[in-house]
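J.: Take this structure, written in structure tokens, and hold onto it; I'll ask about it next.
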Amino acid sequence: MVDFKNAEELLALCGQQGQRISDVMKRRECDLGETSMEQICSRMQQVWEIMRQSALTPLKTPVKSVGGLIGGEARRLRLHQNQGKSICGTVLGDGITYAMAVLEVNASMGVIVAAPTAGSAGIVPGLLLALQRAFQFSDEQMTDALFHAGAIGYLAMRNATVAGAVGGCQAEVGVASAMAAAAAVELMGGEPQQSLDAAATVLMNMLGLVCDPVGGLVEYPCQNRNAAGVANALIAAELALSGIHQMIPFDEMLDTMYQVGKRIPYELRETALGGCAASPSGCRFCH
């Protein structure tokens with residue numbers, strides 16, 4: 001049976017078999033689920049379709065969040081792009097637009113894919129959809145990228161945390177951005193080591209990010225941080241693809257993130273007792 005406990009073992013499997021991270025993850029899912037490759041790929045295609053719809057629907061039909069703190073931001077970004085005023089470029093501009101759209105769907109009780117959490121659900125589809133639009137990747141290639149992202153998320157859940165209440169927003173947006181960055185590297189032709197370098201870079205750059213949702217709602221500043229997560233993932237992927245190697249391996253960076261998260265005060269770990277949630281304006285908006 002194919003399985004791995006950490007990134008070091010994952011890299012070893014890739015080297016032994018001459019396979020990509022997505023290939024190893026697909027084999028693992030088949031073995032653990034005792035099911036066929038066709039079945040798991042079909043399920044992942046359903047995941048991809050849900051991601052796509054949650055990213056595209058608010059661009060046509062903006063939705064207001066249950067808490068009333070967000071709604072319509074993604075459409076504003078798209079209109080800004082269409083007017084030729086974007087300063088981010090196509091991939092980043094699309095990525096942050098899609099990411100913010102997914103958070104609107106989540107906050108209005110729509111259907112999303114937690115990747116790895118609801119509060120960080122916009123980052124993986126945001127970046128991957130932007131890359132598909134820019135480089136015309138097939139849906140099959142995108143589902144492979146999701147298997148790759150899943151491998152990174154699995155390692156984070158097994159060896160650290162993806163919960164804001166445990167490790168702060170670095171564990172939610174940070175891990176989601178690591179998943180997106182690593183998958184983007186493979187999608188663009190990078191090697192497994194480069195993917196893990198990108199994931200490590202993201203965690204390093206987002207180390208210590210607190211979780212401070214205004215009113216205790218997964219709306220604000222969560223939506224903005226999903227957009228920032230896409231940018232961070234894109235930067236990390238670019239660094240890795242250029243051949244810049246990270247000194248600290250992903251396994252060590254993951255452990256570092258976990259240790260830092262446990263030291264973040266509880267007021268800054270999803271309790272809405274500190275940070276943005278405790279600001280005068282934050283308190284006023286949530287009454």
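J.: Step by step: first the residues of the range 152-196, then only those that are of a type in the set (Asp, Glu) and out of contact with any His (no Cβ under 6 Å at 6 or more places or on another chain), then the one that is farthest from Asp3 (Cα to Cα). Which residue is that?
T.: Checking each candidate, the answer is Glu172.
J.: Mind listing whichever residues of the range 232-287 are touching a helix residue (DSSP H, G or I) at 6+ places or on another chain (Cβ under 6 Å), of a type in the set (Asp, Glu) and surrounded by fewer than 22 Cβ atoms within 10 Å (Cβ to Cβ)?
T.: Asp251
J.: Determine which single condition Ile50 fails, assuming it passes every other condition in (1) open to solvent by 30 Å² or more (accessible area, probe 1.4 Å); (2) part of a helix (DSSP H, G or I); (3) closer than 30 Å to Ile96 by Cβ; (4) without any contact (Cβ under 8 Å) to a residue 40 or more places away in the chain.
T.: Against the list (1) open to solvent by 30 Å² or more (accessible area, probe 1.4 Å); (2) part of a helix (DSSP H, G or I); (3) closer than 30 Å to Ile96 by Cβ; (4) without any contact (Cβ under 8 Å) to a residue 40 or more places away in the chain, Ile50 comes up short only on (4).
J.: So if I check each of Ser42, Ser86, which one is within 24 Å of Ala184 (Cβ to Cβ) and part of a helix (DSSP H, G or I)?
T.: Ser42
J.: Also: Kindly indicate whether Met179 is open to solvent by 10 Å² or more (accessible area, probe 1.4 Å), touching a residue at least 12 places away in the same chain (Cβ under 8 Å), closer than 18 Å to Ala114 by Cβ and assigned to a helix (DSSP H, G or I).
T.: Taking the combined requirement at face value, the residue satisfies it.
J.: So which residues in the range 70-83 are crowded, with 18+ Cβ neighbours inside 10 Å and assigned to a loop (DSSP other than H, G, I, E, B)?
T.: Residues satisfying the conditions are Ile70, Gly71.
J.: Same structure again: Cβ contacts < 6 Å: first residue hydroxyl-bearing (Ser, Thr, Tyr) and outside any helix (DSSP H, G or I), restricted to the range 222-244; second residue open to solvent by 50 Å² or more (accessible area, probe 1.4 Å) and at pLDDT 95 or above, any location; separation 6+ or different chain. Result?
T.: Once the first residue is hydroxyl-bearing (Ser, Thr, Tyr) and outside any helix (DSSP H, G or I) and sits in the range 222-244, no partner that is open to solvent by 50 Å² or more (accessible area, probe 1.4 Å) and at pLDDT 95 or above comes close enough.
J.: Kindly list the number of the only condition in (1) under 24 Å from Gly93 (Cα atoms); (2) touching a Leu at 6+ places or on another chain (Cβ under 9 Å); (3) not hydroxyl-bearing (Ser, Thr, Tyr) that fails for Leu239.
T.: It fails just one condition, (2).
J.: Is the range 208-219 home to any residue that is under 14 Å from the mean Cα position of the chain (by Cα) and open to solvent by 60 Å² or more (accessible area, probe 1.4 Å)?
T.: no
J.: Among the residues of the range 188-207, which ones are in a helix (DSSP H, G or I) and either without any contact (Cβ under 8 Å) to a residue 24 or more places away in the chain or open to solvent by 30 Å² or more (accessible area, probe 1.4 Å) (or both)?
T.: Of everything in the range 188-207, those that are in a helix (DSSP H, G or I) and either without any contact (Cβ under 8 Å) to a residue 24 or more places away in the chain or open to solvent by 30 Å² or more (accessible area, probe 1.4 Å) (or both) turn out to be Gln193, Gln194, Met204, Asn205.
J.: Could you please give the count of residues in the range 149-174 that are open to solvent by less than 10 Å² (accessible area, probe 1.4 Å), under 12 Å from the mean Cα position of the chain (by Cα) and farther than 17 Å from Gly261 by Cα?
T.: 2
J.: Let me ask something else about it. In the range 94-148, how many residues are surrounded by fewer than 19 Cβ atoms within 10 Å (Cβ to Cβ) and either of a type in the set (S, T, N, Q) or closer than 16 Å to Glu238 by Cα (or both)?
T.: So the count comes out to 6.
J.: Give the residue, chosen from Glu252, Glu219, Glu270, that is at positive phi, modelled with pLDDT of 95 or more and not hydroxyl-bearing (Ser, Thr, Tyr).
T.: One residue alone meets the criteria, Glu270.
J.: Determine if the range 62-69 includes at least one residue that is surrounded by fewer than 18 Cβ atoms within 10 Å (Cβ to Cβ) and in contact with a Leu (Cβ under 8 Å, 6 or more places away or on another chain).
T.: Checked against the condition, which is being surrounded by fewer than 18 Cβ atoms within 10 Å (Cβ to Cβ) and in contact with a Leu (Cβ under 8 Å, 6 or more places away or on another chain), the range 62-69 yields at least one hit.
J.: If I filter the range 208-221 down to residues being touching a Phe, Trp or Tyr at 6+ places or on another chain (Cβ under 8 Å) and part of a helix (DSSP H, G or I), which single residue comes out as farthest from Arg75 (Cα to Cα)?
T.: Selected residue: Gly215.
J.: Of all residues in the range 15-34, how many are surrounded by fewer than 13 Cβ atoms within 10 Å (Cβ to Cβ) and touching an Asp or Glu at 6+ places or on another chain (Cβ under 8 Å)?
T.: 3
The values are calculated or read from the model by the stated rules, or taken from the named source; none is laboratory data. A quick note: this is a predicted structure, and the numbers were derived from the prediction, not measured. So basically every Cβ, Gly included, is an ideal-geometry build from the backbone, and we count neighbours across all protein chains shown. These area figures cover heavy atoms from the full protein model, side chains too; ligands, DNA and RNA do not enter into them. Shrake-Rupley method; radii C 1.70, N 1.55, O 1.52, S 1.80 Å.
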